[in-house]
Amino acid sequence: MRLLVLGGTEFVGRAVVEEALARGWETTVFHRGRHEPPAGVEVRKGDRTEEGGLAALETGEWDAVVDTWSGAPAAVTAASRLLSDRIDRYAYISSRSVHGMIIPSGADETAPTVESSPEDDGTDYARAKRGGELAAEAVLGERALFVRAGLILGPHENIGRLPWWLGRIAQGGTVLAPGPRDLPLQYIDARDLAVWTLDAIEKGLSGPFNLVSPTGHTTMEELLAACREATGSDAVFRWFDPEVIVEAGVRPWMDLPVWLPPGELHGSLHQGDVGRALATGLRCRPVTETVADTWAWLESIGGTAPQREGWPRLGLDPEVEARLLAS
């Protein structure tokens, strides 16, 4: 297989590239040159936000494209049009966010999506991702595959969710743990996303697929325990009721990454229906493996994860945690 990855040097795209190389696929990476691509790829450079930024892709043929773009959908339109006659399939890494912040628990791919278009300005993440889907579909029709990922974790994460928990728990001592302990979590390891996406390309799949683990693949307690085991920490977890945390002004998801208290938003983000992906081969590795491999990667780069451009830093202020622990 000949694969073109638009992006491919940071997190999800990198996992796709590494999986493709492991399969022996001829892999080309198109990027701006700000990060070192994995060894063994053909590199083409350009900036999709600039006029003529796709010039490096005016020649070449590929069996498939994987596009991780998150900005204005016009970039997806331009790439789709330029490549349409020289590719067989276009996999766009989208997001379950296309359904909006609040969707019914158990919703599948047929749930309503946000209003958007290929001309969206890209300032809102949900509309930008939905606009990217519409852009690819308008050009490529049934040759377009939409990988609607949920929460993504794993090595090379540049958002700061799992890296923050690992770093905090590695410090040891008493750690504020957001309850309930058995709170079910739903996420996807970037490497499992990569495996399923490349398999889907080979199978000729098209249309939208929710790509995240079954709900309850792990729990909040299992995730934190895996962090303690991986880091060899002496951390002691002090579990707090969700109401106490929220009343103290601590922001779920932002101050305490991954965690959402039971309720409507948790149902939207941690209880989605992934039956379609499971039926087409999705397999999710144990949380202990995801956590251990992420910690090993963090240690290999000095303990500090890279930060994705334009995204806020996550994590609980140590003073706020200390105040709550003392309460």
Item to check | Test result for residue 51, assigned to a loop (DSSP other than H, G, I, E, B) and either over 17 Å from residue 91 (Cα atoms) or without any contact (Cβ under 8 Å) to a residue 40 or more places away in the chain (or both) | outcome: yes
Checklist entry - What residue, of 91, 64, 72, is more than 23 Å from residue 194 (Cα to Cα) and either open to solvent by 40 Å² or more (accessible area, probe 1.4 Å) or modelled with pLDDT of 95 or more (or both)? => result 72
Checklist entry - Is it the case that residue 56 is open to solvent by 20 Å² or more (accessible area, probe 1.4 Å), of a type in the set (A, V, I, L, M, F, W, C) and part of a helix (DSSP H, G or I)? => result yes
Checklist entry - Of the conditions (1) surrounded by fewer than 23 Cβ atoms within 10 Å (Cβ to Cβ); (2) closer than 21 Å to residue 194 by Cα; (3) of a type in the set (A, V, I, L, M, F, W, C), residue 82 fails just one. Which one is it? => result (2)
Checklist entry - Using beta carbons and a limit of 6 Å, which pairs, at least six apart or on different chains, have the first residue in region 119-143 and under 12 Å from residue 69 (Cβ atoms) and the second one hydroxyl-bearing (Ser, Thr, Tyr) and part of a loop (DSSP other than H, G, I, E, B)? => result 131/116; 131/117
Item to check | Subset of region 248-286 [part of a strand (DSSP E or B) and open to solvent by less than 10 Å² (accessible area, probe 1.4 Å)] | outcome: 256
Checklist entry - Is there any pair with a first residue in region 11-29 that is within 19 Å of residue 87 (Cα to Cα) and a second that is at pLDDT 95 or above and in a helix (DSSP H, G or I) whose Cβ atoms are under 6 Å apart and which are 6 or more apart or on different chains, and what are they? => result 16/194; 27/17; 27/20; 27/21
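The values are calculated or read from the model by the stated rules, or taken from the named source; none is laboratory data. Since the model is a prediction, treat every value here as computed from it, not as a measurement. Glycine gets a Cβ as well: all are built from the backbone with ideal geometry, and neighbour counts include every protein chain shown. Accessible surface areas use protein heavy atoms only, side chains included; no ligands, DNA or RNA. Shrake-Rupley method; radii C 1.70, N 1.55, O 1.52, S 1.80 Å.
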